[in-house]
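The values are calculated or read from the model by the stated rules, or taken from the named source; none is laboratory data. What you see is a predicted model, and the numbers here were worked out from it, not measured in a lab. When we count neighbours, we look across all protein chains shown, and the Cβ atoms used for this are built from the backbone with ideal geometry, even at glycine.
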Amino acid sequence: MNPIFSLPEATTHAERVDHIFYGLLVLSGLTMLVVFALVLVLAIRYRRGSGAKRGPLPEIVSREFEIGWTMATLFLFAFLFWWAASADLSSLAAPANALEIHVVAKQWMWKTQHPNGAREIDALHIPVDKPVRLVMTSQDVIHSFFVPAFRVKQDVVPGREAEIWFQATKTGVFPLLCAEYCGTDHSMMRGRIIVMRQEDYADWLTKQPEGDDLAHVGAKLFVARGCSGCHADASRVHAPKLAGLYGRSVQLSDGRQVKADDGYIRDSILQPKRDIAAGYEPIMPSYAGLLDDGEIQSLTAYIRSLASQTEKAND
Amino acid sequence: MNTHNTHSRTIAWKLWRRNGLIWAALMLLLTLTLVFAYVPMGLVTPAAGIVIAFVKAGLVILLFMELAKARPLIRLAAMAGVVFLAVLFALTLADVLSRLAGR
Amino acid sequence: MSETTGLLKEPWQYFERQREAGTFGIWVFLASEVLFFGALMLTYTVCRIENVQAFAAAGRETNIWYGTINTAILLTSSLTMAMASQAAAANEGLRRLILWCLAATAALGLAFLVVKGFEYREDIEKHLVPGTHFGLKQPTEQLFFGLYWIVTGVHAVHLTIGIVMVVRLTLLGYLNKFQLDENPEIQVTGLYWHLVDIIWIFLYPLIYLPGRSS
Amino acid sequence: MTDALLAGELPFPSRPDYLRDGTTLTSWLTTTDHKRIAILFAVTITAFFFMGGAAITAVRLELFTPNGGLLSSDTYNKLFSFHGIIMVWFFLLPSIPNTMGNFLLPLMIGAPDLAFPRLNLFSWYLTVAAGAVTVYALVAGGVDTGWTFYTPYSTMFSNSHVLAAAAGVFMVGFSSIATGVNFIATIHILRAPGMTWFRLPLFVWAIYATSIIMVLATPVLAISLLLVIAERWLGLPIFDPARGGDPILFQHLFWFYSHPAVYIMVLPAMGVVSEIIPCFARRRIFGYDFMVYAMIAIAGIGFFVWGHHMFVSGQSAYANLIFSFLSFIIGVPSAIKVFNWTASLYRGQISFNSPMLYALGFVGLFTTGGLSGLFLASIPVDVHVTDTYFVVAHFHYIMVGGSVSAFFGGLHFWWPKVTGKMYPESWAKFAAILMYSGFNMTFLPQFFAGYLGMPRRYHTYPPEYQIYNVMSSSGAAVLAVAYLLPLGYFAWSLFYGERAGNNPWGATGLEWTTTSPPPPQNFDRQPRVDRGPYDYHAAGQSAGLDPPEPQNAREVR
């Protein structure tokens, strides 16, 4: 396999990272050059017994000189911080229309799931020139989703969701690696990201085995696990109705206001007594250990689909 | 001989009075902590418990451990631990709280 | 006034410098202990911030009377320890007072451990030990009791070390093998004891008071 | 540099020096003489250094080919973890503070011994006991969590000897705290008359700053490991995500210690270099007070920056920015020091003995390591290169290129004072150059492999990175030879080396005013200091040639 000497820049973010990287490289190269040259020249010129002029130190090489270069270094580093931080901040929030892919990291494999339910192991097909948002969680230890060509890396911590987004600019197959040590086969936990043209991606998606999409799986679970017993519209139990809940801000019993997003739904399922909705008794049992992360993602997708139905209903 | 032990007895009595007073203040603060714990004041209740704990700790450090009249070097050593502990708390909570807020 | 050459140790020439070094050294060590327990308190604080309800519910399960009595005991032991070290520093030949105060401190320390033992027994009976058959419903309440056992356990170990040091001083002083007046070891032991007390002063509101008001 | 008999200098005294003052084993194992304890530490860390080196030799052999085959992945994981744990806690942390610091601190400030001699011996026994526990962990089956013990892998999923390793490191932490307390008390209270704070040699300042970090940072490591032990052994859930725990909290506690720990490793090296360069350039250090403020600033700000290890760990964006800014700020004092070392060469009379070669090598490699630190402080670049071989190269440049080079430089510089024998100069120069080139051959390719995306701790790697690993592994072979050479000629010099005088290099500093090897109570006469450090030339001149006039020849104890 021929060695690689340069890394492709396959996302919009990659170019910005490389600009900063090369900027720093040039700056460090110059500084290294100056230090090495100085040490070399001074060492040779002022070697013991050489004829170079000694005598008293010139006046300028003194305290002001030292304060001068200290301040210069300080301002240079402050500029570098601003330059790097601005690049980081501008790429934080994922655009709204991003394609949402659920990733579950498990000891030594990556499981990815597309919105329509198509599942893949150690591979991810995505369309080019379209923002993609990954919602990732881990089922055991800390892993790290690392795609060198995209300049993207994010630790996947069990018990909470990690989010990253990127927009591929080049088609092709790029290696996916696990960057956080996770045990025996940490080095085998590798995969491929296949960036395809929009049309190829669309028909690839249709050719996938007809795993129903997340919302349908969620609907079945909603009944199978007994959520509908309390939360269905028809039920007489005094429990919060979920239609149109997703995205709304919820008033809690202890006065706090929380937006009903993925995290809120996830925590309400696993630790119901954590954020109790105002006006309701904390009677909901905890599902921790009964629902795995894939099922929670399906239930969340179902609850989100309830929101869109009411909008369709009333517009 | 007796001048010696009357003198030392007055010293002992002065010590008992001084430390006894501090002890009484500590006991009072303890009961105060207990009482405040049962008053529902939202976030203020745990905060009150901790603030009173700081006051009690201050009393013990400054008076029992006699940091108040110790050499500046000793005071520096005492402060060093607390300062870097504050740094640990501040920066870790900066992450934890902003992670919770940002959910 | 008593002669201090007996107390002089290698490599010192002057007793005053040796005492200065001893006090300064123990204060630097106490700074490291402050960070040691401070990191534990940070762990408690972060876990509590992330699981407010669970910590309130779990906090109610602890026995507040044992906690309060123990705090009172430890504060009193700080009083007797302070008396002993100040009496020794006063260099007034208050031998009996010093020995009585040291003995009282050791006794109060032991009393604290006994009360702690009763509390631990009661906790075990109430299945408050995190694990498979944990008493309370919510899994996150095991986090509170995980911290409870570690924090009180580590404090108890430090207290035991303190008791051993005080008992050693008392015995050596009582058997006259040891010059009590102006002896830096009493002050050093005293400073360590006060730190163990201060740690408990902070532990009391964190362990016994959450969730009492709601 | 023959050692001429200086005015007022007694001929070689008849009384025994510290090496010959009692030669039974028990006299060594129960000594409270700081010089003997320093030698005990030197022997201990040399053993650990070669143990850690053996572990990484096997790893480097494994990485010759992408799919290896020499080791199973479990063995590979255990070997790199063992390399990390042994090298960090049992070689680098004690290497300069506990050996050179122990030996030289009392000598440099004119004290008969450290403030708490028995505590000093206790910290050696603690290090040996902790080392035994950690080596037991390897022998019994090894620990495979890496030196970082990240949860929940270390607490719930690893089935290797995590408890024994964590207990070993927990114990060595307290030896570090004991040493720190000992040094701080000594520097404050046992300085010779006239030795004011700004007449202290920079090595003493470095040891002072290091001791502050040792005392204040190590307890937090003790707590993080105690929590891992409690969770794994007693089942008390602290970092278990299913029961409310927060694995990122462990990382906060661990890195709050581990970043200041890297300054514990590099600050003493800076102190050693600040002693060597003025001596061989025959010039006063440039900007002495700036160097002192820089060291104290590094020790202080070192506690604020640990979050840059966690930019991708799930830390909030807000905290990322704070830690990124503070990490840039701490780069400034290091930059000042490099400028000052370079400026100290200006208009000097530079001679290139082996200590000077190591010191100049340190300046070069530390600059590379420090500059690569800038990449890791800027968030977008760090997101790409963290947990790859770029980071491995960065910290090896500073720890091995910097700290170990300075350690060897100091070893050569003070060898005559410690043993009273001179080492063979030509062999030493060859070893220094070999180490410098072997080091660069090993770790420069790792920068490229890291940027191109090769993650660290990989047993097998994608074949396209093989070229860099082959270069690195062959460089490691050269480096191994360069480390073995000094062992050879130092042992040879103990028996056949020519006698060293009191001041073979003509250096300033109180340790050079006493005999070498020094008497058990360090000085025959109580030293009295009346001038600043590095007094190599008159105030006006830029460099002097003849050795300095010893400062305490006149004073009678």
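Data for the structure
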{"item": "Some residue of the range A:187-208 being of a type in the set (Asp, Glu) and part of a loop (DSSP other than H, G, I, E, B)", "result": "no"}
{"item": "Candidate set from the range D:205-252 (those that are of a type in the set (Val, Ile, Thr) and within 14 Å of chain A (Cβ to nearest Cβ)); member that is surrounded by the fewest Cβ atoms within 10 Å (Cβ to Cβ)", "result": "D:Ile248"}
{"item": "Residue among C:Gly146, C:Gly131, C:Gly135, C:Gly153 that is over 17 Å from the mean Cα position of the chain (by Cα), more than 14 Å from chain B (Cβ to nearest Cβ), surrounded by fewer than 19 Cβ atoms within 10 Å (Cβ to Cβ) and closer than 24 Å to D:Leu225 by Cβ", "result": "C:Gly131"}
{"item": "Residue in the range D:127-142 that is closer than 24 Å to D:Gly300 by Cα and β-branched (Val, Ile, Thr) present", "result": "no"}
{"item": "Only one of D:Phe80, D:Phe103 that is touching a Lys or Arg at 6+ places or on another chain (Cβ under 7 Å), part of a helix (DSSP H, G or I) and within 12 Å of another protein chain (Cβ to nearest Cβ)", "result": "D:Phe80"}
{"item": "Extreme residue, nearest to B:Thr45 (Cα to Cα), among residues of the range C:36-52 that are within 7 Å of another protein chain (Cβ to nearest Cβ) and either β-branched (Val, Ile, Thr) or in contact (Cβ under 8 Å) with a residue 40 or more places away in the chain (or both)", "result": "C:Ile49"}
{"item": "Considering residues of the range B:56-72 that are surrounded by fewer than 15 Cβ atoms within 10 Å (Cβ to Cβ) and part of a helix (DSSP H, G or I) only, the residue nearest to the other protein chains (Cβ to nearest Cβ)", "result": "B:Gly58"}
{"item": "The range D:462-479 residues that are buried (at least 21 other Cβ atoms within 10 Å of the Cβ), paired with ones that are of a type in the set (Phe, Trp, Tyr) and outside any helix (DSSP H, G or I) (beta carbon under 8 Å, 6 or more apart)", "result": "D:Asn469/D:Phe64; D:Asn469/D:Tyr461"}
{"item": "When residues of the range C:6-35 are limited to those that are of a type in the set (A, V, I, L, M, F, W, C) and closer than 21 Å to D:Gln521 by Cβ, the one farthest from the other protein chains (Cβ to nearest Cβ)", "result": "C:Leu7"}
{"item": "Among the residues listed as A:Leu7, A:Leu57, the single one being under 25 Å from the mean Cα position of the chain (by Cα), farther than 20 Å from D:Gly370 by Cα, within 8 Å of chain D (Cβ to nearest Cβ) and assigned to a loop (DSSP other than H, G, I, E, B)", "result": "A:Leu7"}
{"item": "Residue in the range C:192-214 that is farther than 23 Å from B:Gly49 by Cα and among the polar types (S, T, N, Q) present", "result": "no"}
{"item": "Residue match in the range A:117-131 (condition: facing chain D (nearest Cβ under 9 Å) and either among the basic types (Lys, Arg) or touching a strand residue (DSSP E or B) at 6+ places or on another chain (Cβ under 9 Å) (or both))", "result": "no"}
{"item": "Filtered residues of the range A:92-151 (kept if outside any strand (DSSP E or B) and of a type in the set (A, V, I, L, M, F, W, C))", "result": "A:Leu92, A:Ala93, A:Ala94, A:Ala96, A:Ala98, A:Trp108, A:Ala118, A:Val128, A:Val141, A:Ile142, A:Ala149, A:Phe150"}
{"item": "Answer residue from the range C:87-108, given it is surrounded by 24 or more Cβ atoms within 10 Å (Cβ to Cβ) and not aliphatic (A, V, I, L, M) and is nearest to C:Asp181 (Cα to Cα) among those", "result": "C:Cys101"}
{"item": "Per-region count, the range A:245-272, residues assigned to a loop (DSSP other than H, G, I, E, B) and buried (at least 17 other Cβ atoms within 10 Å of the Cβ)", "result": "5"}
{"item": "Hey, D:Thr508 out of contact with any helix residue (DSSP H, G or I) (no Cβ under 8 Å at 6 or more places or on another chain), surrounded by 17 or more Cβ atoms within 10 Å (Cβ to Cβ), in contact (Cβ under 8 Å) with a residue 12 or more places away in the chain and not small (Gly, Ala, Ser) or not", "result": "no"}
{"item": "The range D:309-323, residues that are more than 7 Å from chain B (Cβ to nearest Cβ) and either hydroxyl-bearing (Ser, Thr, Tyr) or on the phi < 0 side of the Ramachandran plot (or both)", "result": "D:His309, D:Met310, D:Phe311, D:Val312, D:Ser313, D:Ala317, D:Asn320, D:Leu321, D:Phe323"}
{"item": "Selected residue [out of contact with any helix residue (DSSP H, G or I) (no Cβ under 7 Å at 6 or more places or on another chain), facing chain A (nearest Cβ under 9 Å), of a type in the set (D, E, K, R) and buried (at least 24 other Cβ atoms within 10 Å of the Cβ)] from D:Asp387, D:Asp382", "result": "D:Asp387"}
{"item": "Test: residue in the range A:69-88 that is at the interface with another protein chain (Cβ under 9 Å from one of its Cβ atoms), exposed (fewer than 14 other Cβ atoms within 10 Å of the Cβ) and of a type in the set (D, E, K, R)", "result": "no"}
{"item": "Number of the condition not met by A:Tyr22 [criteria: (1) more than 9 Å from every other protein chain (Cβ to nearest Cβ); (2) outside any helix (DSSP H, G or I)]", "result": "(2)"}
{"item": "Filtered residues of the range B:1-47 (kept if within 9 Å of chain C (Cβ to nearest Cβ), loosely packed, with under 11 Cβ neighbours inside 10 Å and over 23 Å from C:Met83 (Cα atoms))", "result": "B:Pro40"}
{"item": "Cβ pairs under 6 Å, 6+ apart, first in the range D:317-336 and in contact (Cβ under 8 Å) with a residue 12 or more places away in the chain, second acidic (Asp, Glu) and in a helix (DSSP H, G or I)", "result": "D:Ala319/B:Asp95"}
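Matching residues to (1) modelled with pLDDT of 95 or more; (2) closer than 28 Å to A:Phe146 by Cα:
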{"position": "D:Leu326", "(1), (2)": "yes, yes"}
{"position": "D:Gly348", "(1), (2)": "no, no"}
{"position": "D:Leu357", "(1), (2)": "yes, no"}
{"position": "D:Leu365", "(1), (2)": "yes, no"}
{"position": "D:Pro380", "(1), (2)": "no, yes"}
{"position": "D:Tyr397", "(1), (2)": "yes, yes"}
{"position": "D:Phe407", "(1), (2)": "yes, no"}
{"position": "D:Glu425", "(1), (2)": "no, no"}
